[in-house]
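Enquirer: What follows is a structure written as structure tokens; I'll ask about it next.
The values are calculated or read from the model by the stated rules, or taken from the named source; none is laboratory data. It should be emphasised that the depicted structure is a prediction, and the values quoted were computed from it without experimental measurement. Methodologically, a virtual Cβ is constructed for each residue, glycine included, from the backbone with ideal geometry; neighbour enumeration extends over all protein chains shown.
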Amino acid sequence: MNTRPDFSRHANRAETAPAFLSVWDMHSYYGESYIVQGVSFNVHEGEIVALLGRNGAGKTTTLRSIARLGDPQVQHGEIWLDHQPLHNMKSHEAAVAGLGLVPEDRRIIAGLTVEENLQLAQIMPPVGWSLERLYELFPRLGERRKQEGVTLSGGEQQMLAIARALARDIKLLLLDEPYEGLAPVIVDEIEKTLRIIKEQGMTTILVEQNAVRALQLADRAIILDTGSIVFDGTAAEVLENEELRAEYLAI
């Protein structure tokens, strides 16, 4: 008789190193809809963690809950970033504490140039990410610094959205579907950039439907199913486990 594969032994595994981000027993709702159902996990400084699962599993809701956006409503749980409690903060307070969310729709500000979008976000004086450093990381943005941001291509807008988050000298980067709708050559370019900022110490959580690309980039993978964690382990474990991929990622 066929039985459902049991990967629960991997979920929420005990960590031996101190966590940079700790999410503990988080429950989130959209109205009466119970989306995130007691999620707990740790992220260590400098890691890239891929947050994966089928559509409706609760990935974006988890990111938005960590970012303290107010919708969804987090009704229980704790969120700690670099020893600071985020769970009692508003979204702007979490942003000041060092959290940067790049949403799927990018939210480039109309009427402003590339450089004005960056200047509006930038901490002054810049501590880590000057405009020159951002343009070095994203040469296309340097070439188009005087162009209105909303007239950029989709890939360039994604670069601008990531650069704008970095301009605030954040501690944790949250990326929601950064590869969505982009040509493979642009995905390659963005992935290369994410590897560079990882080498420079940036901690990142990545939600991405292109699970294989996300796993090739990430150190660790957390898989959600109907609002709960069913796997927390290395990205390599997922890439090597055909049964796990088929059960929860359809790949």
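Enquirer: Assess whether Ser130 counts as being within 18 Å of Thr113 (Cβ to Cβ), at pLDDT 95 or above and among the small types (Gly, Ala, Ser).
Expert: In short, no.
Enquirer: Return the only residue of Leu63, Leu51, Leu69 being modelled with pLDDT of 90 or more, assigned to a strand (DSSP E or B), in the same structural domain as Met89 (by TED's automatic domain parsing) and aliphatic (A, V, I, L, M). So that I can check it myself, show each step before the final result.
Expert: On the way: Leu63 fails: assigned to a strand (DSSP E or B); Leu69 fails: assigned to a strand (DSSP E or B).
After ruling out the rest, the residue left standing is Leu51.
Enquirer: May I ask you to verify whether Ala218 is under 22 Å from Val36 (Cα atoms), within 14 Å of the chain's Cα centre (by Cα) and either in the same structural domain as Phe41 (by TED's automatic domain parsing) or touching a residue at least 40 places away in the same chain (Cβ under 8 Å) (or both)?
Expert: In short, no.
Enquirer: Hey, among the residues in region 181-192 that are within 20 Å of Arg133 (Cβ to Cβ) and charged (D, E, K, R), which one's surrounded by the most Cβ atoms within 10 Å (Cβ to Cβ)?
Expert: Glu189
Enquirer: Determine which member of the set Ser40, Ser91, Ser33, Ser65 is hydroxyl-bearing (Ser, Thr, Tyr) and loosely packed, with under 14 Cβ neighbours inside 10 Å. Before you say what the answer is, go through the steps one by one.
Expert: Numbers: Ser40 fails: loosely packed, with under 14 Cβ neighbours inside 10 Å; Ser91 fails: loosely packed, with under 14 Cβ neighbours inside 10 Å; Ser65 fails: loosely packed, with under 14 Cβ neighbours inside 10 Å.
On inspection, the qualifying residue turns out to be Ser33.
Enquirer: When you check Glu177 against the structure, is it at pLDDT 95 or above and on the phi > 0 side of the Ramachandran plot, yes or no?
Expert: It is true that Glu177 is at pLDDT 95 or above and on the phi > 0 side of the Ramachandran plot.
Enquirer: Out of (1) at positive phi; (2) in contact with a Leu (Cβ under 6 Å, 6 or more places away or on another chain), what's the single condition that is false for Thr226?
Expert: Condition (2) is where Thr226 drops out.
Enquirer: Would you check if Arg195 is in the same structural domain as Trp80 (by TED's automatic domain parsing) and either more than 13 Å from the chain's Cα centre (by Cα) or surrounded by 19 or more Cβ atoms within 10 Å (Cβ to Cβ) (or both)? Step through it out loud before you land on a result.
Expert: Details: in the same structural domain as Trp80 (by TED's automatic domain parsing): yes; either more than 13 Å from the chain's Cα centre (by Cα) or surrounded by 19 or more Cβ atoms within 10 Å (Cβ to Cβ) (or both): yes.
Taking the combined requirement at face value, the residue satisfies it.
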